[in-house]
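Below is one structure, written out as C-alpha cells; comments come after it.
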C-alpha cells in the first residue's frame with residue numbers, strides 16, 4: 001500500500017537532505033506511514049518537498065542505513081517502511097558497544113547495577129510459572145557444567161539465556177532490550193568464571209540459589225547472591241589464573 005496524500009512540507013534550504021529525512025522519519029514514528037507501506041515515488045517526493053531528486057535520494061539512503069526503509073528495485077519497487085523489531089534495536093546497540101570498548105571494571109559495575117535492579121523487580125513481579133522457568137534453566141546450566149571438561153560454548157549460550165530470562169522477569173521490556181544488546185555486544189566476562197573448575201561450580205550453584213530466591217520472593221537473599229557473583233568476577237578478572245582458588249576461599 002502506497003502513501004498518496006501529502007504528508008510533508010517544503011524542505012529547509014541549506015539542510016534539505018537532513019530535513020527531508022527528519023520529516024519522513026517523524027511520519028514513520030508517528031504511525032502516519034505504517035510498516036509495509038511504500039513512500040510516494042521519488043518524483044512525488046520532489047514535488048512535496050520542493051527539492052531535487054539528488055536530495056531525496058540522499059535522504060532515502062540515510063533512512064535505509066538507519067533501518068527504517070527497505071529500497072526495492074523493479075516495476076513494483078520503491079521505498080517501503082520496515083518494521084523495527086527488538087532484534088534490530090539490540091543488534092544496532094550491540095554494534096555500537098563493540099565499536100566502543102570499555103574497561104572490564106566499568107562493564108562489571110554496569111552489569112551489577114542492572115542485575116540488582118532486575119532481581120528486585122523480578123522478586124516483586126514474576127509469577128510462579130515464570131520464576132519456575134528460570135529455576136529450570138539454571139538446572140540446565142548445572143547439567144552443562146557437569147564433568148571435568150564441559151562445553152564452554154554451550155555454557156556461554158545457556159548463561160546468556162539465563163540473563164535474558166532474568167531480564168524478562170522484571171516485566172519491563174526496556175531492560176530486556178538492553179540486556180540483549182549487552183549480551184550481543186560484549187563477550188561475557190562471566191566466562192572468566194566458567195573457565196576455572198572451582199569458580200564454575202560455585203557460579204552455577206550461585207545462579208541456582210539466585211533463581212530459587214526469586215521464586216521464593218526473598219529479595220535480600222537474591223541480592224546477596226548477586227553481590228557474591230560480582231565479587232568473584234572482580235577477583236577473577238583482576239587476578240586472572242593466579243590466585244583464583246584463594247579468591248574464592250576468601251569469599252566463601
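Nothing in this text is a laboratory measurement; each read-out follows from the coordinates by a stated rule. Predicted model, so just to flag it, every value in this text is computed and none were measured. For neighbour counting, all protein chains shown are included, and Cβ atoms are generated from backbone atoms with ideal geometry for every residue, glycine included.
Which shape class applies to the range 114-222: rounded if a/c is under 1.5, otherwise prolate when a/b exceeds b/c and oblate if not, where a ≥ b ≥ c are the square roots of the Cα gyration tensor eigenvalues? Intermediate values should be presented prior to the final figure.
Values: a/c = 2.03, a/b = 1.38, b/c = 1.47.
It comes out oblate by the Cα gyration axes.
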(message) Can you classify the range 8-56 as rounded, prolate or oblate using the Cα gyration tensor, where a ≥ b ≥ c are the square roots of its eigenvalues, rounded means a/c under 1.5, and otherwise it's prolate if a/b beats b/c and oblate if not?
(response) oblate
(message) Compute the distance from the alpha-carbon center of the range 135-156 to that of the range 30-56, in whole Å.
(response) 52
(message) Starting from a Cα-only point model with no solvent, please compute log10 I(q)/I(0) by Debye for the range 149-190 at q = 0.23 1/Å.
(response) -0.74
(request) Give the peptides 102-108, 60-66 in descending order of average Cβ contacts within 10 Å, highest first. (result) 60-66, 102-108
(message) At a 10 angstrom cut-off on C-beta neighbours, averaged per residue, how do the peptides 166-175, 40-49 rank from highest to lowest?
(response) 166-175, 40-49
(request) Assign one of three labels to the range 120-162, namely rounded, prolate or oblate, based on the Cα gyration tensor with a ≥ b ≥ c the square roots of its eigenvalues; rounded applies when a/c is under 1.5, prolate when it is not and a/b is larger than b/c, and oblate otherwise. (result) prolate
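Which value results when the Cα radius of gyration for the range 51-143 is divided by 2.2 N^0.38 Å?
On the way: Rg = 21.5 Å, N = 93, 2.2 N^0.38 = 12.3 Å.
Relative to the rule-of-thumb radius for its length, the range 51-143 sits at 1.75.
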(request) Alpha carbons only, please: Rg and Dmax for the chain, in angstrom. (result) 24.4, 73
(message) Once you keep just the Cα pairs under 8 angstrom separated by 6 or more residues, what percentage relative contact order results for the chain?
(response) 18
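Taking 8 Å as the Cα distance limit and 6 or more residues as the minimum spacing, I'd like the relative contact order of the range 16-81 as a percentage.
This gives 40 percent for the range 16-81.
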(request) Using just the helices of the chain, give the 222 nm mean residue ellipticity in deg cm²/dmol: DSSP H runs with n ≥ 4 each add -39,500 (n - 2.57), and the total is spread over all residues, rounded to 500. (result) -22000 deg cm²/dmol
